[in-house]
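We did not get these values from a lab; they are worked out from the coordinates using the rules stated. Just so you know, these numbers come straight off a predicted model, no measurement behind them. Using ideal geometry, Cβ is built from the backbone for each residue, glycine included, and neighbour counts are taken over all protein chains shown.
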Amino acid sequence: MSSFNSDLFFGILIGLIAYILLYIGKGIQKYAIEAFKVNKTIKSKHSGVWIFGTVLTALFVFIQWIPLTVFHTPTYLIAPLEGVGLVSLLVFSFIVLKEKITKLELVGVTLIITGTILTI
């Protein structure tokens with residue numbers, strides 16, 4: 001039986017956080033853009049929200065670098081985590097943007113999570 005590898009665990013955890021921040025940032029950007037479409041006079045109020053979403057999206061690059069270089073987590077373990085980031089965007093869109101989730105999307109979520117677990 002293999003022993004617990006803390007570097008691998010933290011590498012995967014940080015990679016997961018990076019992808020979640022990437023897609024939540026994109027969701028926040030969409031939230032700000034949708035608010036601007038509804039009321040163009042609130043541009044200044046929601047531009048800060050859009051910038052925050054952009055910062056979260058940009059942070060992905062730097063956070064993603066940590067598991068690859070500091071913890072030496074193999075790319076083949078980090079890359080599949082992008083699907084979990086997409087699932088976080090789906091949840092964000094449902095809760096914050098009030099978007100509907102279709103049955104096909106739920107099937108997709110199930111496949112993404114199953115595939116990610118099988119890969120890792």
TODO: Sort 13, 118 so that the residue with the fewest other Cβ atoms within 10 Å of its own Cβ comes first and the one with the most comes last.
DONE: 118, 13
Task: Between helix 6-38 and the chain: long-axis angle, C-alpha atoms, 0 to 90°, nearest 10 - done: 10 degrees
Task: Ascending count of other beta-carbon atoms within 10 Å, so fewest first, for 100, 26 - done: 100, 26
Open item on the list: Could you give each residue of the stretch 69-85 its phi-based ³J(HN,Hα) in whole Hz, using Karplus coefficients 6.51, -1.76, 1.60 with θ = phi - 60°, and x for Gly or Pro?
Closed with: 9, 7, 9, 6, 6, x, 4, 5, 9, 7, 4, x, 5, 4, x, 5, x
- [ ] Please find the FRET efficiency linking residue 116 to residue 55, where r is the Cβ-Cβ separation and R0 is fixed at 30 Å, and quote it to the nearest 0.05.
- [x] 0.70
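Quick one: order 37, 30 by neighbouring beta-carbon count within 10 Å, fewest to most. List each step's numbers first, then the result.
On the way: 37 8, 30 18.
Fewest to most other Cβ atoms nearby, the residues stand as 37, 30.
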Task: Those aspartates and glutamates that a straight Cα-Cα span of less than 16 Å connects to residue 26, excepting residues fewer than 8 apart in one chain - done: 34, 82, 99
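Work out how much length residue 103 to residue 37 would gain on full extension: take 0.36 nm times their residue separation and subtract the Cα-Cα distance, in nm to one decimal.
Going from the current span to full extension adds 20.9 nm.
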